[in-house]
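Have a look at the structure below before the remarks.
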Amino acid sequence: MCLSICICFIYACRAVGSEAKKTKVKKKTNNPHFDEVFYFEVTRPSSYNKKSHFDIEDVDEVDKMEIRVDLWNASNLKFGDEFLGELRLPLKFLRQSSSYEAWYFLQPRDNGNKSLKPDDLGSLRLNVVYTEDHVFSSDYYSPLRDVLLKSADVERFITKRLNYRKLFTSRDPNTIFRGNSLTSKCIDETMKLAGMHYLQVTLKPIIDEICQVHKPCEIDPVKLKDGENLENNRENLRQYVDRIFTVITKSGVSCPTVMCDIFFSLRESAAKRFQGDLDVRYTAVSSFIFLRFFAPAILSPNLFQLTPHHPDPQTSRTLTLISKTIQTLGSLSKSKSANFKESYMATFYDYFNEQKYADAVKNFLDLISSSGRRDHKSIEQPILLKEGFMIKRAQGRKRFGMKNFKKRWFRLTNHEFTYQKSKGDHPLCSIPIENILAVERLEEESFKMKNMFQVIQPERRVLYIQANNCVEAKDWIDILTKVSQCNKKRLTVYHPSAYLNGHWLCCKATADNTPGCTPCTGGLPANIQLDIDGDRETERIYSLFNLYMPKLEKMQEACGSKSVYDGPEEEEYSTFIIDDPKETYKTLKLIIEGVGTLEQEHAQYKRDKFKKTKYGSQEHPIGDKSFQTYIRQQSEISAHSI
């Protein structure tokens, strides 16, 4: 709890009466430190004499006294200052030593002997989950982190297996992935992690405009405000929907590679499971990209970091209407008007009941669910992204070949970048998308030619291209960068000038394999901040592994059994579907070893901490009811470790 102003009241109770003294206000702090001294006079009884000062009865009476400390939050509101809590300190604690220092847990106000009836208190039902992790330095997590980082190479396999299991149990192609299954939750989280920047680029500009302009878009006749025109509102809403639909369906090349790989697996698995339904390859993908990604982001932009706060009621209503329409457009259902319970939505949807919208959705879904990798054996029609005539400089495959400039027809698909003499001819050169390491502009001084850019390939091979104008050059650079931006071997530096006459014109280096001298563009934008603590995330994963260690050990045992025994499968292992038991066994072995090492470190840390535990410290203040629970838990841990 953060306090702007804190006030402390000190009371000497019972024997002193109502005498109270107040500290100075500590402003703008949630950790006040007062450093003030107060004196309270204790009135001596009539039996006082110079020899004994107090008799025994008087001493007992003083020991019964207490100091009460109240903490208040100063407020200028009409309701007065806010009570934060109090503590009561018997004077006998102070008489036992010359100084006393301890931390106390603030308690609620003491109402004397008055007690409230249960009916007067009311009830509040809460579901609270508290998780506590002790995070060590990075070197402790290296073994487990190394195993986790290797999993990047098998993500497609995991997703494919999850998709297959989910689809195998589905009977209706129209309702697949509608529920919250393990598969849908995994893909949801992956889209949120990998697609956050994709949403920022695609939706944020229009969402910001909607939140700032506040155009009236209410189309429910019952909810119209005075002075609003229904037709004008429909037109405002139609323009917003049309613009958002257009930016979504034209953003296919910007879709992150990991999401495209997942959608490719979804489409292939769905088509294989429901071979008689030609539209299932679209509905399987749209149930995620539209239903679980774009529509929720439009409906609640603050949850997807598109806006800092929840929109106001009018804007929220506009976003709700847009989200409903976009979701229906993306679903490609045959009876779309029937999807709306409200008649005014069915009437509004007639604006978009044209074949061009369905075609745009299908082209978009085809693009994001296609795979740019050439190793797939599935028959897949390449999707054309851009084509046109440009001038290229020969790459000089022969040692002494002439490197002249020639006009060629260039063609970019989601699989490869090619050029040929004329449109329709056989390609003279083909560059797989995964071999594009960087796409950058080329300085004019290199060949005394404008509007040039370079496509950098493995082994420092560079294709120099001249576009017809600056606009076309930018378009080619942008789209080539987007389709290759997630390639694993993308360069971080490049040469902005060409290699001519035995040296690079930019840095004058003589070796043609010299690393670049200028940082590449097209990476993560500067405004994208990655607020991720790797050690903290690894500790959280360790906690989950440790919680389910019995299941991991049972799975490892099943993998070992399947690796060495080819006979009938034992009944206790029949629940595991393992494609590669040998490799899975090795992975589980490394995970269990890493978790075991961390578990020992945690146990040692808790033992050391328990030895230093002191009741009345800042970590365990007096009055903390959870202290006894902590003592019992640590005692059990110590006994278990022994």
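The values are calculated or read from the model by the stated rules, or taken from the named source; none is laboratory data. What you see is a predicted model, and the numbers here were worked out from it, not measured in a lab. A quick note on method: Cβ atoms are made from the backbone with ideal geometry, for glycine too, and the neighbour counts reach across all protein chains shown.
Does residue 303 fit the bill of being on the phi > 0 side of the Ramachandran plot and not polar (S, T, N, Q)?
Answer is no for this residue.
Residue-by-condition table, conditions (1) under 36 Å from the mean Cα position of the chain (by Cα); (2) modelled with pLDDT of 85 or more:
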position	(1), (2)
548	yes, yes
552	yes, yes
557	yes, yes
564	no, no
569	no, no
603	yes, yes
610	yes, no
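Tell me, please, whether a residue that is hydrophobic (A, V, I, L, M, F, W, C), at pLDDT below 80 and surrounded by 10 or more Cβ atoms within 10 Å (Cβ to Cβ) can be found in the stretch 93-104.
The answer is yes; a qualifying residue exists.
State whether one or more residues within the stretch 218-227 are surrounded by fewer than 15 Cβ atoms within 10 Å (Cβ to Cβ), under 15 Å from residue 192 (Cα atoms) and assigned by TED's automatic domain parsing to the domain that holds residue 199.
no
What is the residue count in the stretch 6-45 for residues that are at pLDDT 75 or above, assigned to a strand (DSSP E or B) and farther than 16 Å from residue 68 by Cβ?
Qualifying residue count, the stretch 6-45: 2.
Taking the stretch 332-347 only, how many residues are under 16 Å from residue 295 (Cβ atoms) and at pLDDT 85 or above?
Count: 1.
Out of the residues in the stretch 464-480 that are closer than 21 Å to residue 429 by Cβ and surrounded by fewer than 20 Cβ atoms within 10 Å (Cβ to Cβ), which is nearest to the chain's Cα centre (by Cα)?
The selected residue is 479.
Looking at 587, 597 in this structure, which one is under 30 Å from the mean Cα position of the chain (by Cα), at pLDDT below 90 and in a helix (DSSP H, G or I)?
587
Here is a list of conditions, (1) assigned to a loop (DSSP other than H, G, I, E, B); (2) over 30 Å from residue 88 (Cα atoms); (3) modelled with pLDDT under 75, and residue 155 meets all of them except one; can you say which number that is?
Looking at each condition in turn, residue 155 falls short on (1).
Could you tell me whether any residue of the stretch 417-431 is crowded, with 18+ Cβ neighbours inside 10 Å and either of a type in the set (Gly, Ala, Ser) or within 32 Å of the chain's Cα centre (by Cα) (or both)?
Looking for residues that are crowded, with 18+ Cβ neighbours inside 10 Å and either of a type in the set (Gly, Ala, Ser) or within 32 Å of the chain's Cα centre (by Cα) (or both), one finds none in the stretch 417-431, hence no.
Show the residue pairs that are 6+ apart or on different chains and have beta-carbon atoms under 9 Å apart, the first residue being within the stretch 519-548 and more than 17 Å from residue 130 (Cα to Cα), the second being among the polar types (S, T, N, Q) and at pLDDT below 80.
522/485; 523/485
Name the pairs whose Cβ atoms lie under 6 Å apart, with the first residue in the stretch 464-492 and touching a residue at least 60 places away in the same chain (Cβ under 8 Å) and more than 18 Å from residue 197 (Cα to Cα), the second surrounded by fewer than 18 Cβ atoms within 10 Å (Cβ to Cβ) and among the aliphatic types (A, V, I, L, M), and 6 or more positions between them or separate chains?
Pairs found: 466/391; 466/449.
Looking only at the stretch 222-268, which residues are acidic (Asp, Glu) and under 22 Å from the mean Cα position of the chain (by Cα)?
Scanning the stretch 222-268 gives a single hit, 261.
For the stretch 294-305, give me the residue count where each residue is in contact (Cβ under 8 Å) with a residue 60 or more places away in the chain and surrounded by fewer than 21 Cβ atoms within 10 Å (Cβ to Cβ).
1
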